Every structure is written in structure tokens, then in C-alpha cells.
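One structure is given here, and the rest of the page talks about it.
The values are calculated or read from the model by the stated rules, or taken from the named source; none is laboratory data. None of these values were measured; they are calculated from a predicted model. Methodologically, a virtual Cβ is constructed for each residue, glycine included, from the backbone with ideal geometry; neighbour enumeration extends over all protein chains shown. Accessible surface areas use protein heavy atoms only, side chains included; no ligands, DNA or RNA. Shrake-Rupley method; radii C 1.70, N 1.55, O 1.52, S 1.80 Å.
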Amino acid sequence: FPEGSTDGALDRFVIDSEGLITVLLLNNTWLNFEAVSVYVLDIGVSDGDVTVKRPFHIGLIDVNEQPILTDGERSVSNDAGPGDTLGLAVRAIDPDAGTTLVYSLIGGNTTLFGIDNTTGQLSVTDGSGQLSFMTANDTIFVRVHVTDGELSDNCRVGVAVEDQNFSPDIEPGRS
């Protein structure tokens with residue numbers, strides 16, 4: 001019979017009369033190595049006269065979890081040039097601490113835009129002036145891929161092209 005624990009193990013496990021330990025779903029979540037790597041149950045057994053209690057350790061094995069990307073939006077001025085960044089970097093969430101993530105573009109307009117493979121920062125890569133020919137409020141889409149070396153995810157990022165308001169040129173002598 002379980003007697004107690006200091007790590008919430010009584011909420012996560014149940015032991016039947018045969019001694020079979022079953023994992024319980026708690027708050028719609030399974031066990032997570034990153035949250036608790038070892039559970040300790042104080043187990044007692046009795047023959048009616050003598051009771052013996054011992055700590056029982058349940059160690060979890062860490063497994064690789066998938067990085068997660070979320071679709072997003074960025075904006076860029078239609079007069080932007082090579083190296084100009086597009087707002088905040090695209091960020092994946094990976095529950096595995098210390099994981100190295102690698103970003104890449106796998107679809108959409110990969111001629112106009114690039115991504116830093118370590119930071120996820122989108123930027124303009126084409127200096128041909130192609131952005132200046134875009135109609136104001138056009139949106140260009142790119143598909144971002146992230147991997148932790150084993151598992152991966154993709155997302156779609158819309159890049160809104162914003163019209164830059166240029167000052168009019170006035171010829172000398174004309175009004």
C-alpha cells in the first residue's frame with residue numbers, strides 16, 4: 001500500500017492488491033521527465049502482524065520531444081534591402097532543455113527571403129529590388145522548417161509588404 005511521497009507520486013500512480021503499479025493521467029498530462037525525473041513512493045506491506053515500509057523509486061527515461069512552430073506574420077518595407085530583418089525571429093518551442101534547433105526555409109519565396117539557421121531570424125536576401133515592385137499590402141508566404149536533429153515541425157509565415165511613402169521629387173524651376 002502506498003503511504004506517501006514528497007513529489008506528487010500519490011497523484012500519479014495507483015497500486016492494486018496484486019502490487020501492480022499503474023500510471024494515472026493527471027490534468028490531462030502524462031509523466032514528463034523535464035518536470036520530474038524520479039518519483040518516490042513509500043510502499044508498505046503487512047501480513048497483519050508486521051508492517052514493512054520501504055521507498056520505491058520510479059525513474060523516468062527522457063525521450064526526445066518534437067519542437068513546435070506556430071504560424072505567424074511579419075512585415076517588410078517595399079524598399080528593404082539585403083540583410084534587413086523581418087521583425088522578431090521565428091521561435092520554436094522544444095521541451096528538451098539544451099536542444100540545438102536548426103531552422104531553414106523549405107517553401108514559399110525563398111529567393112527574396114532567407115533565415116538564419118541558428119536564430120530563426122528572417123531577412124531580405126535579394127537585392128534586385130523585387131520588393132519595390134510589390135503592390136502595397138501584398139503578402140508573401142514562406143514555409144519555415146525546424147529540426148532538433150531527429151524530430152521536426154513546419155509553419156507558414158506571411159510577410160506583409162508595406163508601402164514606403166517616398167517624398168515627391170520636385171524639379172528646379174517648376175512649381
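Brief remarks on what is shown
- Residues with amide H under 5 Å from that of Phe113, placed H, sequence gap 5 or more: Thr125
- Residues whose placed amide H lies under 5 Å from that of Asp138, excluding near-sequence neighbours: Val161
- Once backbone amide H atoms are built at 1.01 Å from N, Ala92 has no partners under 5 Å, excluding neighbours fewer than 5 places away on the same chain.
- Rounded to whole Hz, the Karplus (6.51, -1.76, 1.60) HN-Hα couplings of region 37-50, x for glycine and proline: 8, 9, 9, 10, 9, 8, 9, x, 9, 9, 9, x, 10, 10
- In sequence order, region 79-85 has phi-based couplings of 9, 5, x, x, x, 5, 8 Hz under the Karplus curve 6.51 cos²θ - 1.76 cosθ + 1.60, θ = phi - 60°, and Gly or Pro positions carry x.
- For region 93-100, Karplus couplings with θ = phi - 60° (6.51, -1.76, 1.60), whole Hz, Gly/Pro x: 9, 10, x, 7, 4, x, 6, 8
- Model label points for Arg143 and Val38, set 7 angstrom from Cα along the Cα-to-Cβ axis, are 4.6 nm apart.
- Rolling a 1.4 Å probe over the protein heavy atoms of region 1-111, with every protein chain left in place, gives an accessible area that is 54 percent carbon and sulfur.
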